[in-house]
Amino acid sequence: MERSEAHGFSAAMSGAFLLSCLLFAAINRRQRGPYMDEAFHVPQAQAYCRGRFLQWDPMITTLPGLYLVSVGAVKPAAWLFGWTGSVVCSAGMLRFINLLFSAGNFYLLYLLLFKIHQRNKAVSAFQRILSTLTLAMFPTLYFFTFLYYTDPGSVFFTLFAYLMCLYGNHKTSALLGFCGFMFRQTNIVWAVFCAGNVVAEKLNEAWKTELQKKKDEKISSRKGPFSDFIRILQFLIKYLMSPKNLFRLIALTWPYIILVAAFFVFVFVNGGIVVGDRSSHEACLHFPQLFYFLSFTVFFSFPHLLTPTKIRKFLLSLRKHPVRYSLIAVISLFLIWKFTYVHKYLLADNRHYTFYVWRKVFQRHELVKYVLVPVYIFAGWSFADTLKSKSIFWILMYFVCLLAVTVPQKLLEFRYFILPFLIYRLNIPFPSLYKQLLEL
């Protein structure tokens, strides 16, 4: 990092942290007691502060990572500064932990942007800093900076694991992945994503060698999406059937394999992935969640995904491949018809934005969810189009993880989209400065 960039980054991070502190103070003055799900999280953390580690609220569905980190930070600080009484582990003190996580996320997002796009010399320092600021202020995540929720810590450890993976420090990455899992069980998917990064890199190297070999041998092959898919599938089967290749991949990813094995042991012993209130968090095949995520991404990244050029390219593609898009539309309609679930919280809890989205959009008429299919198809096409710079194996791996983290969720909750959105946004090509400013 050059000195001018270092100064600019320090100024941006300091300014963002100062703004967060001012908002934090204002919110805590108005809302001193627990708010929304803090009614479960704050008393649980306070029980841990008093040394009652066997006490557990059955309504809490996540593992105790947040409470353990909170006690580990607050207790030494209380001893160092001489805090006593109700100040220690108060709602305000516990919320401050997430303010620190938010600052950590700012730094990690910058480092990830720097690492992922290091080969792109056209990207300026200002663009990197601006993108970092935009992602750190991402509304769905930033809101929970000021509340005692698991989201900022969950994002921090997952992004940290991803960064370590990109630098090839896989043992540290798996350990940080375990910390992320302790904040939210579904983060195991992003540990698999880290392992998938390694596998995708090796597959891409082998695929390039295969293509070069065919080019040198002047082997003619039919072109088209289906024939390309068959060729890639044949290559994958051939590559993974080789014991030498398998052993090489296992040698590279064994820390993640141990972590995933530990996860399955946990699921077996626990009798499921959810720790507490299982009746409200049942797994199901909720395929429209993918459509909701794509719409969510288009909404928050509209300067990149909803442009006149994108719309024009999509319409050309639609005219060129009408049968393909008709088939996608029929499949989408079927998935919405057979696999749409409405969680009781979505109908009853008016403290969440999804309550109003569902009531004002989807509940207006029974046909609304079907009428939106063209929007979903465009969102999916535009989303995939922005990832063209990544290898086919990275894209496949990301989409598998995206499906695994969204589809099993019965409840439509924007918080579940934070990590897949951030990882997507980190990996798309840097947009123009105008688009970045518009996004911010």
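Can you say whether VAL298 is β-branched (Val, Ile, Thr) and open to solvent by 80 Å² or more (accessible area, probe 1.4 Å), as far as the supplied structure shows?
no
Return the pairs, sorted by first residue and then second, in which the second residue is among the charged types (D, E, K, R) and open to solvent by 80 Å² or more (accessible area, probe 1.4 Å), the first residue lies in segment 248-271 and is touching a residue at least 40 places away in the same chain (Cβ under 8 Å) and within 18 Å of PHE183 (Cα to Cα), the beta carbons are less than 8 Å apart, and the residues are 6+ apart or on different chains.
none
Pick out, from segment 1-86, the helices (runs of 4 or more DSSP H) lying fully within it that include 2 or more residues that are open to solvent by 60 Å² or more (accessible area, probe 1.4 Å). Full working, then the answer.
Details: elements: 3-30, 38-49, 65-81.
Hits in segment 1-86: 3-30, 65-81.
Taking the condition of being part of a helix (DSSP H, G or I) and either among the hydroxyl-bearing types (Ser, Thr, Tyr) or closer than 13 Å to PHE383 by Cα (or both), how many residues in segment 303-312 meet it? It would help to see each step written out before you state the result.
Here is the first cut: in segment 303-312, the residues part of a helix (DSSP H, G or I) are 303-305, 308-312.
Retained after the next criterion (residues that are either among the hydroxyl-bearing types (Ser, Thr, Tyr) or closer than 13 Å to PHE383 by Cα (or both)): 303-305, 309-311.
Going through segment 303-312 one residue at a time, the tally reaches 6.
If a residue has to be within 20 Å of PHE302 (Cα to Cα) and in contact with a strand residue (DSSP E or B) (Cβ under 7 Å, 6 or more places away or on another chain) to count, how many in segment 389-427 make the cut?
Residues in segment 389-427 being within 20 Å of PHE302 (Cα to Cα) and in contact with a strand residue (DSSP E or B) (Cβ under 7 Å, 6 or more places away or on another chain): 1 in total.
Of the residues ARG119, ARG95, ARG128, which is free of Cβ contacts under 8 Å to residues at least 24 places away in the same chain and among the basic types (Lys, Arg)? Walk me through it before giving the result.
Values: ARG95 fails: free of Cβ contacts under 8 Å to residues at least 24 places away in the same chain; ARG128 fails: free of Cβ contacts under 8 Å to residues at least 24 places away in the same chain.
That would be ARG119, the only listed residue that is free of Cβ contacts under 8 Å to residues at least 24 places away in the same chain and among the basic types (Lys, Arg).
Does HIS352 meet the test of being surrounded by 17 or more Cβ atoms within 10 Å (Cβ to Cβ) and either out of contact with any Ser or Thr (no Cβ under 9 Å at 6 or more places or on another chain) or over 26 Å from LEU419 (Cβ atoms) (or both)?
So HIS352 passes the test.
Just a yes or no: is a residue in segment 404-417 within 26 Å of VAL198 (Cα to Cα), modelled with pLDDT of 90 or more and outside any helix (DSSP H, G or I)?
yes
Of TRP358, TRP394, which residue is under 30 Å from GLU205 (Cβ atoms), part of a helix (DSSP H, G or I), open to solvent by less than 50 Å² (accessible area, probe 1.4 Å) and in contact with a helix residue (DSSP H, G or I) (Cβ under 9 Å, 6 or more places away or on another chain)?
Going through TRP358, TRP394 in turn, just one is under 30 Å from GLU205 (Cβ atoms), part of a helix (DSSP H, G or I), open to solvent by less than 50 Å² (accessible area, probe 1.4 Å) and in contact with a helix residue (DSSP H, G or I) (Cβ under 9 Å, 6 or more places away or on another chain): TRP394.
Could you list, in sequence order, the residues of segment 404-423 that are farther than 15 Å from PRO139 by Cβ and of a type in the set (Lys, Arg)?
Once the filter is applied, which keeps residues that are farther than 15 Å from PRO139 by Cβ and of a type in the set (Lys, Arg), segment 404-423 yields only LYS410.
Please state which of the following conditions PRO374 fails to meet, knowing it meets all the rest: (1) in contact (Cβ under 8 Å) with a residue 24 or more places away in the chain; (2) touching a Leu at 6+ places or on another chain (Cβ under 9 Å); (3) not acidic (Asp, Glu).
For PRO374, the exception is condition (2).
For every residue, the table says whether it meets (1) among the aromatic types (Phe, Trp, Tyr); (2) modelled with pLDDT of 90 or more; (3) open to solvent by 70 Å² or more (accessible area, probe 1.4 Å).
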residue: GLY177; (1), (2), (3): no, yes, no
residue: GLN185; (1), (2), (3): no, yes, no
residue: ILE188; (1), (2), (3): no, yes, no
residue: GLN212; (1), (2), (3): no, no, yes
residue: LYS215; (1), (2), (3): no, no, yes
residue: SER220; (1), (2), (3): no, no, yes
residue: ILE232; (1), (2), (3): no, no, no
residue: PHE263; (1), (2), (3): yes, yes, no
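Hey, can you tell me all the residues within segment 129-157 that are of a type in the set (S, T, N, Q) and either open to solvent by 20 Å² or more (accessible area, probe 1.4 Å) or more than 21 Å from PRO429 (Cβ to Cβ) (or both)?
THR140, THR145, THR150, SER154
The rows are residues; the columns are (1) assigned to a loop (DSSP other than H, G, I, E, B); (2) of a type outside the set (Val, Ile, Thr); (3) open to solvent by less than 30 Å² (accessible area, probe 1.4 Å).
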{"residue": "PHE314", "(1), (2), (3)": "no, yes, yes"}
{"residue": "ILE331", "(1), (2), (3)": "no, no, no"}
{"residue": "LYS338", "(1), (2), (3)": "no, yes, no"}
{"residue": "LEU387", "(1), (2), (3)": "yes, yes, yes"}
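If you check ILE311, ILE331, ILE336, which single one turns out to be out of contact with any helix residue (DSSP H, G or I) (no Cβ under 6 Å at 6 or more places or on another chain), of a type in the set (Val, Ile, Thr) and in contact (Cβ under 8 Å) with a residue 40 or more places away in the chain?
Exactly one residue qualifies, and that residue is ILE311.
Check ASN105, ASN120 and return the single one that is of a type in the set (S, T, N, Q) and either farther than 26 Å from LYS202 by Cα or assigned to a helix (DSSP H, G or I) (or both). Give the derivation first.
Details: ASN120 fails: either farther than 26 Å from LYS202 by Cα or assigned to a helix (DSSP H, G or I) (or both).
Result of the check over ASN105, ASN120: ASN105.
Among TYR162, TYR142, TYR148, which is farther than 21 Å from GLN436 by Cα and either out of contact with any Lys or Arg (no Cβ under 8 Å at 6 or more places or on another chain) or polar (S, T, N, Q) (or both)?
On the way: TYR142 fails: farther than 21 Å from GLN436 by Cα; TYR148 fails: either out of contact with any Lys or Arg (no Cβ under 8 Å at 6 or more places or on another chain) or polar (S, T, N, Q) (or both).
Every option except TYR162 fails the conditions.
Looking only at segment 158-173, decide whether some residue is of a type in the set (A, V, I, L, M, F, W, C), open to solvent by 10 Å² or more (accessible area, probe 1.4 Å) and within 21 Å of HIS41 (Cα to Cα).
No, the conditions are met nowhere in segment 158-173.
Residues in segment 60-82: is at least one touching a helix residue (DSSP H, G or I) at 6+ places or on another chain (Cβ under 9 Å), over 23 Å from ARG351 (Cα atoms) and of a type in the set (Ser, Thr, Tyr)?
Looking through segment 60-82, at least one residue is touching a helix residue (DSSP H, G or I) at 6+ places or on another chain (Cβ under 9 Å), over 23 Å from ARG351 (Cα atoms) and of a type in the set (Ser, Thr, Tyr).
The values are calculated or read from the model by the stated rules, or taken from the named source; none is laboratory data. What you see is a predicted model, and the numbers here were worked out from it, not measured in a lab. Cβ sites come from the backbone with ideal geometry, for glycine too, and all protein chains shown count toward neighbours. Each accessible area value is taken on the protein alone, full model and side chains, heavy atoms only, with ligands, DNA and RNA left out. Shrake-Rupley method; radii C 1.70, N 1.55, O 1.52, S 1.80 Å.
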